[in-house]
Amino acid sequence: MNEEHMKLTPMGDVPGYEDLARVLLLAYDQSARGKGKERHARRRPFNLQPIAIIPELLGAHEGLGGLVYQVIKKSQESVGMVSKGRSESARAELLGAIVYAAAAYLHIERFEKFSDDEFFEETEIVKKTKTPKYMWTDTTPPSK
């Protein structure tokens, strides 16, 4: 997708895609104002919450795998909920899966900017904490 040719327009302005826009906005709302804000935000922006920081700590590929795992897990859990007549809970789990998919998308965007080594050096958590790169990748400090 070439984002240079994209422009932001109000969601739901394309006929026939209103339902998709509604669900995407519900996922956003769950993260920004609902369960995500209540349990995870601690007054931090999305890119500094555990959903973004933990994958950065794990690294480019491993972090992406963790996010995708959460998408699959939440989706699978929703199936079990529907079979037990818990449709509202199932819908909430799927909204969470959408948020994790968005986090995975953003993780890929961050990784595209750096090589594997640079990713660890340049991630926001490493910059903020001034933590040595080896702390996230190896338990042995570099030799002196």
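Derivation of every value follows stated rules applied to the coordinates shown; laboratory data play no part. Keep in mind it's a predicted model, so treat the numbers as computed, not measured. Cβ coordinates were reconstructed from backbone atoms using ideal geometry, including for glycine residues, and neighbour counts include every protein chain displayed.
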Point to revise | Subset of Lys35/Lys84; Lys37/Lys74; Lys37/Lys113; Lys35/Lys74 violating a 26 Å alpha-carbon distance limit | key: Lys37/Lys113
Practice item. Just add up the charged neighbours of Gln76: K/R +1, D/E -1, any other residue whose Cβ is under 15 Å from the Cβ of Gln76. Key: +3
Revision key, fill the gap. Residue separation between Leu24 and Tyr69 times 0.36 nm, minus their alpha-carbon distance, gives in nm 14.2 nm
Revision key, fill the gap. Net charge near Arg86 (other residues with Cβ under 12 Å of its Cβ; Lys, Arg +1; Asp, Glu -1) is -1
Check your understanding: Can you put Phe114, Phe46 in order, fewest other beta carbons within 10 Å first?
Key -> Phe114, Phe46
